[in-house]
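Taking it in order: structure first as C-alpha cells, then the write-up.
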Amino acid sequence: MEIKVSQEVKDIKTEVLVIGQFEGEKTSQELANTYAVEKDGFEGKFGTTYLLHTFGKIPADKILIVGLGKKEEVDANKIREAVAKAVKKLKQIKAKKACFDFDINCDYGKSAAIGALIADYAFDKYKSEKAEHLDEITFARFSQKDVDEGIIFGEAMKFARDLANEPAQFATPSKLADIAQHLDGITTKVYDRDAIERMGMGAYLAVAQGSVQPPKFIHMKYTGKNPKKKIAIIGKGICFDSGGLDIKPPSSMLTMKDDMSGAACVLAVMQALNKLQPDAEVHGIIAACENMPSGSSYKPGDILTAKNGKTIEVDNTDAEGRLTLADALCFACELGIDEVIDIATLTGACMVALGTVASGIMGNNEDMISRLIETGKDSGETFWQLPMFKEYKDSLKSDIADMKNTGSRYGGASAAGVFLQEFVKDVKWAHIDIAGTAYLEKPQKELIAGATGVGVRTLLNYVK
Ligand code: BES
Ligand code: MG
Ligand code: ZN
C-alpha cells in the first residue's frame, strides 16, 4: 500500500473519500450530513463507520464516515485507531484507492500513517489466497514530514510482526543473524558458538546446547551524528521455546515460535533508526538460540556460570529466557552505555497478571521507568510497573550455587526481574516483559491475531 499526502483532496477523483465525524457534530461534507447524519442519525461514536454512495455528486464514488468520538477526547492514539477502523472497512468493501480528509487542526499524520499500515497488515505469505490490500491512500491536511515518520514506524511494526509470525523452522538463530547483517546503516557483529564460549557466556550456551540449530550472539550498532546518549536494547531471542527437558504441555508450546518477539522488536527498531537518524548511539543485542529437549540438553540441577562469574543452579529448563538475557546484560554493561533496556516474552506470570492489555516493566531507576511508561502512553502502548521487592530474591536462593534460575511460581514476573538485576552493573536498566502482549490469540483493537510488534513504537520514540 502506498501512502501519499495531498492538500487538494476535494477535487481528486477517488474511489472512497474518508471523512471523520466528531460525536454529535456535522461533517465537512454536505452529502454526508444530509444522508448519514440527518436522515440516518449517524452519531459519530468512536470507531463506528457509515458508507454512502455519492452517485456522481462529488468526484469520489463513495464516502466513508468514521466516528472520531468526542471532539475534546481526540488524540494521536484515537486517530491511529480510527484510521485503522476505516482501512479495515475499506478492505472489507474491496476498495483499492481512498483519500482521507479529517477536518482536524492538529497534525496527526504520524498516527494516521501508522494506523493505516497496522490495519493493512496480513501474514498471508503461506496462503494461496492472499488477503485484501489497498493500493493507495492519500491523506489531506497532514504534513508530509509527519506522514513519512509514521510510515517508518508502521513499516518497522510490519517488520517485527512478520518476523515473529514466521514459523520457527524458518526464523532460526542463523536467520536472525543474517537479517541483522544486512540492515542498512547498521554495523553488525555475529558471534558463533566458539566465540560465545570464549566470552564466557555459560548460561546462554547451556540453553542453546540442546538444539541442532547453532546459537548466534548478535551485536548491532547504530551511531547517529552527534550522539547525546548511549543506549543498548536487548531482545529475548528464543526462536523456539519447547521448555527443554522440562517440556511444555502442547497448549503452552503452540505459540512458542513467538518467543523471539523481543528480538524481532530490536531488529525492527535498528532497521528504522537508520531511516530516522536520531542523535544517539544505539546497540541492539540478541542472544539467539532454541530451547529444545535432546540428549545434549542442559538439565535440571546443572550449575552454569554466567559471563560475570555468578553461578546459577538450573531449577527449571523452561526458565531459559533469563539465562540468555543474563549473559546479554553482562555484555551490554561492558559497552560503556548510559542505559540498557531488555524486552522479553519472559514469564507466563506476567501474562496472568496483566493479560494482553499491558506489558510489565521493572528496573533499577524510577526516572527511566517513568519516562518509558510516559513514552508508551504517547505511543499507544501500555506498560505497568511491577515491584522488585528484595524479598523476591529469597525464592531464588540455592544451597549449592549463587542462585537458582526459578523461584516460587507466585510473583513469577518479579522473581524474573530480580534474577536479571544480578547481571546489571553500573547502568540504568529497565526490563519489559511482553509475554502477554507480543502475540494475540484473537484480534484486539486495530491488531489482528498473531504477532503485535509490541515495543517497536515506544522504543523508537524513546530513542528519538
Ligand atoms: N517463553 C516463556 C514465557 C511465556 C509464556 C511467553 C507464555 C509467552 C507466553 C518462558 O520461557 C517460560 O517458559 N517461562 C516459565 C518460567 C517458569 C518455568 C519459572 C513460565 O512462565 O511458566
Ligand atoms: Mg521457557
Ligand atoms: Zn521462553
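Every number in this text was worked out from the coordinates using simple rules, so none of it is lab data. Not measured: the values here are computed from a predicted model. Here the Cβ is made from the backbone with ideal geometry for all residues, glycine too, and neighbour counts use every protein chain on show.
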Cut-off under 5 Å, modelled amide H: who pairs with K248 long-range: G243
In sequence order, calculated HN-Hα J values of the range 393-407 (Karplus, 6.51, -1.76, 1.60; Hz; x Gly/Pro): 5, 4, 6, 9, 4, 10, 7, 10, 9, 5, 6, 9, 8, 9, x
Rounded, prolate or oblate (a/c below 1.5 giving rounded, otherwise prolate when a/b exceeds b/c) for the range 154-463 by Cα gyration tensor: rounded
Euclidean distance of C-alpha centroids, the range 34-62 and the range 326-340, integer Å: 55
The chain: angle of helix 76-92 to the longest principal axis, Cα-based, in degrees nearest 10: 70
Given K145/K175; K230/K377; K125/K248; K257/K445, the pairs whose alpha carbons are separated by over 31 Å: K145/K175
Packing-based exposure ordering (other Cβ within 10 Å, fewest first) of K97, K377: K377, K97
Placed amide H near I234: partners under 5 Å, 5+ positions off or other chain: I285, I341, D342, I343
Selected from F331, Q277, G355, residue furthest toward positive end of dipole (the range 154-463; charges at beta carbon): Q277
Sorted by Cβ neighbour density within 10 Å, fewest at the top, the residues C330, C350: C330, C350
Helical contribution to [θ] at 222 nm, DSSP H n ≥ 4, -39,500 (n - 2.57), averaged over the chain, rounded to 500: -9500 deg cm²/dmol
Under Karplus coefficients 6.51, -1.76 and 1.60, residue-wise ³J(HN,Hα) of the range 190-203 in Hz, glycine/proline x: 10, 9, 8, 3, 5, 5, 5, 5, 4, 6, x, 8, x, 6
The range 371-392 and the range 125-157: distance between their alpha carbon centers, rounded to Å: 29
Given K88/K442; K70/K96; K85/K442; K229/K464, the pairs whose alpha carbons are separated by over 18 Å: K70/K96
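Arrange E129, E366, E281 by Cβ neighbour counts within 10 Å, fewest through most, would you? Intermediate values should be presented prior to the final figure.
Details: E129 5, E366 9, E281 20.
Lowest to highest Cβ neighbour count: E129, E366, E281.
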Karplus 3J(HN,Hα) series, Hz, for the range 375-389 with 6.51 cos²θ - 1.76 cosθ + 1.60 (x for Gly, Pro): 4, x, 4, 5, 8, x, 10, 9, 10, 10, 6, 10, x, 10, 4
Label zone at V352, where the point sits 7 Å out along the Cα-to-Cβ direction: the range 388-432 residues whose backbone N lies under 18 Å: 388-389, 392-396, 405-419
Highest to lowest packing among 50-61, 257-268, 105-116, scored as the average C-beta count within 10 Å: 257-268, 105-116, 50-61
Interchain or long-range residues, amide H under 5 Å from W429's placed H: V340, N364, N365
Aspartates and glutamates with Cα under 18 Å of K189, excluding same-chain neighbours fewer than 8 positions away: D178, E197, E281, D327, E334
